[in-house]
Structures are given as C-alpha cells and as structure tokens.
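The values are calculated or read from the model by the stated rules, or taken from the named source; none is laboratory data. Everything numeric in this text was worked out from a predicted model, so none of it was measured. Using ideal geometry, Cβ is built from the backbone for each residue, glycine included, and neighbour counts are taken over all protein chains shown. Side chains included, ligands, DNA and RNA excluded: accessible areas come from the protein's heavy atoms. Shrake-Rupley method; radii C 1.70, N 1.55, O 1.52, S 1.80 Å.
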Amino acid sequence: IENCLFIRNDGYPVGGFGAKLVLNNCTIADCYGGIYDGFVDMAINNCVIANIGPGEAVYVEAVEYNEPPVITCTDIWGNSEGDWAEPIDSQFALNGNVSRNPFFCAPALGDYRVAEESICLPSNNSCGLLIGIGEAGCNALFACGDVDASNTVNVSDVVYLINYIFSGGPAPYPPDSGEVDCNGSVTISDAVYLISYIFSGGPAPCAACP
C-alpha cells in the first residue's frame with residue numbers, strides 16, 4: 001500500500017490491517033486504533049502514525065511468538081498509548097525512525113499536508129525522503145519556545161533546552177523555536193528567558209523579534 005491517507009477510522013482496540021503487507025509513504029492519523037500485526041510479515045516504510053487513541057500505534061499480537069514489523073524512516077508521534085512502545089521500542093532512533101510532531105497543516109479540515117518545518121519533508125530528516133503522504137502545504141506552525149514540539153511551552157522546554165546547550169542533547173525542533181530572545185543564536189540566555197516567562201511572568205517567547 002503506497003501513498004495512502006487513513007484518517008478517523010475505528011479499529012479499536014487493536015487497530016486495522018493485519019494482512020501480510022508493506023506500507024510505503026502512508027499517513028495514519030486521528031484513528032481509534034493504529035496498525036495490527038497478527039502473525040504476518042509486515043514492513044512500514046516512510047510513514048506517519050500520529051494521534052492514535054485510544055489504542056496502540058502499532059499492536060503486535062502474541063509478541064512472544066510473533067516478530068514485530070520492520071520499520072524504517074517512520075514518524076510515530078502523539079499516540080495516547082505510547083509511540084515507540086514495546087515491542088517496537090528497539091527500532092526507535094534507528095534507520096531514520098523518529099517521534100516528532102509532523103505539523104499537519106489543518107487536520108480538522110482534512111488537510112494532512114505538512115508545514116515547512118516538518119520532520120516529514122526530505123530536507124528535514126536524516127533519510128532525505130518524504131515521510132507520509134503530506135507534502136509541504138503551509139508556512140511554519142511552531143510556537144516559539146516550544147522546543148520539544150509538545151504543543152505547549154512549559155518547564156520541560158527549559159530542561160530540553162539546557163540539555164541541548166550543555167549536554168549535547170537533541171536540538172530544538174524546529175531550530176528557530178529555541179531562539180526565544182531573538183539575539184540570533186540559541187544560548188543559555190534563551191533558557192533564562194524561558195524561566196522568567198514561565199515562573200515570573202516575563203515577556204512571552206519571541207516577543208522582541210522583528
């Protein structure tokens with residue numbers, strides 16, 4: 001199955017599919033139940049599995065006897081019962097697999113194209129390939145200060161930013177989301193700015209940007 005969009009379907013509690021198949025460049029989003037692997041050979045390549053709930057993103061039947069699907073260059077994000085959970089957890093961060101907000105343009109209106117900063121675009125991921133079905137369809141959607149792309153600005157963003165600056169952790173996603181004081185680079189001053197905003201009522205992130 002290639003270049004297909006599956007949205008707002010109900011396969012809860014175990015998900016849809018279940019046959020021997022290969023999924024290439026598909027987007028599965030906003031469904032009750034994700035992918036069901038029931039004793040079949042399955043591969044998932046260059047796909048997005050997002051906002052599944054209730055139900056698991058990828059449900060594998062009888063894991064003690066059944067091999068999970070082989071997954072490459074796939075973004076699994078925002079699912080209510082976990083993203084790269086067992087038994088597919090060992091494939092996270094390998095072979096181009098990620099867990100990032102895909103930044104759909106307008107899913108409430110059925111527009112599952114992605115914003116220009118999305119990890120799903122070839123220029124923004126390590127695979128150099130389109131992930132999912134949605135090509136670029138809108139301008140940047142990120143919130144300044146939301147460096148972990150969780151859709152809210154809170155103390156976890158401060159921790160994320162400090163980890164990036166001092167411990168070589170993952171970079172803000174997208175990079176511009178971490179440039180909260182508008183001085184041209186991401187430094188400890190951005191973390192201090194966020195702390196002031198969250199705990200002391202300081203100016204909002206990017207308030208001083210042109």
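In this entry, Ala140 passes the filter for residues that are closer than 30 Å to Pro203 by Cα, outside any strand (DSSP E or B) and small (Gly, Ala, Ser). Candidates Ser123, Ser118: the one that is hydroxyl-bearing (Ser, Thr, Tyr) and touching a Phe, Trp or Tyr at 6+ places or on another chain (Cβ under 7 Å) is Ser118.
Which of the residues that make up segment 62-119 are of a type in the set (Asp, Glu), more than 14 Å from the chain's Cα centre (by Cα) and in a strand (DSSP E or B)? Within segment 62-119, Asp111 is the sole residue that qualifies. Considered as a group, the residues in segment 175-195 that are assigned to a helix (DSSP H, G or I) and small (Gly, Ala, Ser) include one that is most open to solvent (accessible area, probe 1.4 Å), and that residue is Ser189. Residues in segment 152-174 that are touching a residue at least 40 places away in the same chain (Cβ under 8 Å), of a type outside the set (S, T, N, Q) and assigned to a loop (DSSP other than H, G, I, E, B): 3 in all.
What residue, among those in segment 123-174 that are β-branched (Val, Ile, Thr) and under 30 Å from Val22 (Cα atoms), is surrounded by the most Cβ atoms within 10 Å (Cβ to Cβ)? Lay out the reasoning, then the answer.
Initially, segment 123-174 is screened for residues β-branched (Val, Ile, Thr), giving 131, 133, 147, 152-153, 155, 158-159, 162, 165.
Narrowing the set further to residues that are under 30 Å from Val22 (Cα atoms) leaves 131, 133.
Working: Ile131: 29, Ile133: 22.
Checked segment 123-174; the qualifying residue surrounded by the most Cβ atoms within 10 Å (Cβ to Cβ) is Ile131.
Confirm whether Ala106 is under 30 Å from Cys4 (Cα atoms) and open to solvent by less than 40 Å² (accessible area, probe 1.4 Å). Judged against the criteria, Ala106 is a match. What are the pairs, 6+ residues apart or on separate chains, where a residue within segment 114-127 that is at positive phi has its Cβ under 7 Å from a residue that is hydrophobic (A, V, I, L, M, F, W, C) and open to solvent by less than 60 Å² (accessible area, probe 1.4 Å)? Note: no pairs meet the criteria. If you filter segment 77-98 down to residues that are buried (at least 17 other Cβ atoms within 10 Å of the Cβ) and small (Gly, Ala, Ser), you find that the one that is nearest to Ile28 (Cα to Cα) is Gly78. Filter segment 22-42 for residues that are β-branched (Val, Ile, Thr) and open to solvent by less than 20 Å² (accessible area, probe 1.4 Å) and give the result. Within segment 22-42, Thr27, Ile28, Ile35 qualify. Take the conditions (1) under 23 Å from Ala171 (Cβ atoms); (2) surrounded by fewer than 24 Cβ atoms within 10 Å (Cβ to Cβ); Thr74 misses just one of them, which is (2).
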